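Reading through the structure tokens given below for one structure.
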Amino acid sequence: MASALALTNARLLDGTGAPPRDGAAVLVADGRIAGFGGDPLPPDVAVLDLEGRTLMPGLIDAHVHLSSLGLPHVPPELKAYGLAFVARRMLEAGITTLRDLGSHGRSLFDLRRAIALELCSGPRLVLCGQIVAATSPGGRAFPGMYREADGADEMRKAVREQIRQGADFVKVMSTGALTVDDEDIGPAQMTRDELVAVVDEAHRMGFSVASHAEGLDGIRLSVEAGVDTLEHGEMSFQAPDVLAAMAERGIILVPTVCVFDSVVESDAFPRWMQERARLLGESARKTVEAARRAGVAMAMGADAGPHGENARELVLMAEAGLSPLEAIVAATSTAARACGIDSEAGTIEIGKLADLLVLEGDPLEDLGLFLDPNRVWLVLREGKPVAGTRLRDTID
Ligand SMILES: [Zn+2]
């Protein structure tokens with residue numbers, strides 16, 4: 001394929017929240033968006049007529065745990081193959097970037113290297129390494145996933161360790177987690193001094209902070225400490241003042257509505273935990289609605305999966321009150337901001353990376369189209385075709 005590619009006759013959804021434009025053309029060169037229809041085409045450009053299909057930025061999931069594979073039993077010694085498999089599945093679903101919120105050991109750093117070496121294919125990975133947490137039941141429940149620390153100095157050290165191993169941002173547990181037996185999401189799991197130390201150390205070094213915050217005490221503490229993204233945040237609807245502060249400071253909410261439904265629907269969890277998830281899922285929906293009214297930016301996060309069905313989260317966010325266009329913004333430009341890559345991805349603008357998705361049909365009419373693999377016509381990562389039925393058809 002020529003190094004320049006013109007995608008013509010597209011229904012363009014640029015990810016900024018602007019309404020779609022029909023008959024658009026986008027020029028891709030050297031892996032980036034180089035121009036729009038109307039500009040003269042350079043010589044040697046390959047032309048791909050999209051015949052009215054939707055052209056949009058590749059989807060970005062801002063809260064994933066890739067290492068919870070969601071596959072039938074994968075023995076530990078084959079885990080790396082499982083990770084490569086689900087990374088590929090994400091790409092086939094049109095996801096060109098994902099932010100992983102906690103994995104075991106160095107497995108995802110290795111996966112990122114393997115993708116860079118083209119040993120396998122997958123989305124761009126934005127990684128936190130281990131989750132910084134106080135000594136807590138979660139550390140016992142997810143061995144190898146947490147970096148437990150106590151006191152402000154140890155928190156700083158825990159943050160520095162993540163930076164040392166190549167993390168792109170810092171994930172911190174400000175409350176317990178719904179899925180951990182002995183944890184209560186009510187109290188903040190860290191002291192103010194500890195959380196402030198995490199945020200200060202990360203920000204001083206140029207890293208953002210994602211805070212797992214389910215109960216109100218941890219939500220409030222996280223917002224006051226100045227975290228960059230609030231994860232889950234399902235009780236936020238109870239505190240309009242906190243939502244107003246989030247809107248004012250540009251703190252992004254990643255509501256992960258689908259994780260509550262996943263717990264309710266799975267046989268892997270005890271009955272009482274499913275009941276807790278059902279109630280919290282209702283709160284999460286109220287929070288999406290209240291956050292929208294308060295002007296809080298929200299990003300898509302499908303959490304533990306199923307990987308490749310991430311857009312289920314968009315459908316649920318829309319059911320909870322977002323317009324389809326707002327849901328698409330949550331999975332493109334706002335998710336890019338949550339990942340700290342908004343200068344490079346998340347919208348179709350000149351100079352940005354050509355991470356693109358071509359979809360059969362109009363997702364503004366039906367967000368469920370994202371969940372149909374036969375609708376994903378073409379996925380480009382940095383201008384290179386990497387997935388989609390168009391590639392399959394070429395081979396057949
Ligand atoms: Zn999570």
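The values are calculated or read from the model by the stated rules, or taken from the named source; none is laboratory data. All figures in this text were calculated on a predicted structure; none of them were measured in a lab. Glycine also receives a Cβ, built like all others from the backbone with ideal geometry; neighbour counts cover every protein chain displayed.
Looking across segment 307-327, the residues that are away from the ligand (no atom under 14 Å from the Cβ), of a type outside the set (A, V, I, L, M, F, W, C) and more than 15 Å from Met56 (Cβ to Cβ) come down to Gly308, Glu309, Arg312, Glu319, Gly321, Ser323. Count of segment 10-31 residues, restricted to those that are part of a strand (DSSP E or B) and surrounded by fewer than 17 Cβ atoms within 10 Å (Cβ to Cβ), is 3.
Screening segment 340-396 for residues that are in contact with a Gly (Cβ under 8 Å, 6 or more places away or on another chain) and β-branched (Val, Ile, Thr) and picking the one that is surrounded by the fewest Cβ atoms within 10 Å (Cβ to Cβ) gives Ile350. Is it true that some residue in segment 277-299 is within 19 Å of the chain's Cα centre (by Cα) and closer than 24 Å to Arg89 by Cβ? Yes - at least one qualifying residue is present in segment 277-299. Scanning segment 23-67 for residues that are closer than 14 Å to Leu13 by Cβ and charged (D, E, K, R) gives a single hit, Arg53.
Residues are listed down the side, and each one gets a yes or a no for (1) closer than 30 Å to Glu326 by Cβ; (2) assigned to a helix (DSSP H, G or I); (3) touching a Lys or Arg at 6+ places or on another chain (Cβ under 9 Å):
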site	(1), (2), (3)
Asp182	no, no, yes
Ala197	no, yes, yes
Asp200	no, yes, yes
Ser211	yes, no, yes
Val227	yes, no, no
Leu243	yes, yes, yes
Glu248	yes, yes, no
Phe260	yes, yes, yes
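Is it the case that Glu382 is free of Cβ contacts under 8 Å to residues at least 60 places away in the same chain and of a type in the set (D, E, K, R)? Here the answer is no, as Glu382 does not meet what is asked. Look at (1) of a type in the set (Gly, Ala, Ser); (2) within 16 Å of the ligand (Cβ to nearest atom); (3) over 23 Å from the mean Cα position of the chain (by Cα) and you find that Ala239 fails only one, number (2).
For residues in segment 74-117 being assigned to a helix (DSSP H, G or I) and among the β-branched types (Val, Ile, Thr), which is nearest to Gly388 (Cα to Cα)? Steps first, answer last, please.
Looking only at segment 74-117, we keep the residues that are assigned to a helix (DSSP H, G or I), and these are 76-92, 107-116.
Subset that is among the β-branched types (Val, Ile, Thr): 86, 115.
Working: Val86: 16, Ile115: 18 Å.
If we take residues in segment 74-117 being assigned to a helix (DSSP H, G or I) and among the β-branched types (Val, Ile, Thr), then Val86 is nearest to Gly388 (Cα to Cα).
Does segment 14-21 contain at least one residue that is within 18 Å of Val126 (Cβ to Cβ) and not hydroxyl-bearing (Ser, Thr, Tyr)? Within segment 14-21, one or more residues are within 18 Å of Val126 (Cβ to Cβ) and not hydroxyl-bearing (Ser, Thr, Tyr). The listed residues are Leu195, Leu216, and the only one of them that is crowded, with 24+ Cβ neighbours inside 10 Å and either farther than 19 Å from Gly301 by Cβ or away from the ligand (no atom under 16 Å from the Cβ) (or both) turns out to be Leu195.
Per-residue answers, yes or no, for (1) modelled with pLDDT of 95 or more; (2) within 16 Å of the ligand (Cβ to nearest atom):
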| site | (1), (2) |
| --- | --- |
| Val172 | yes, yes |
| Ala177 | no, yes |
| Gln189 | yes, yes |
| Ser211 | yes, yes |
| Ile251 | yes, no |
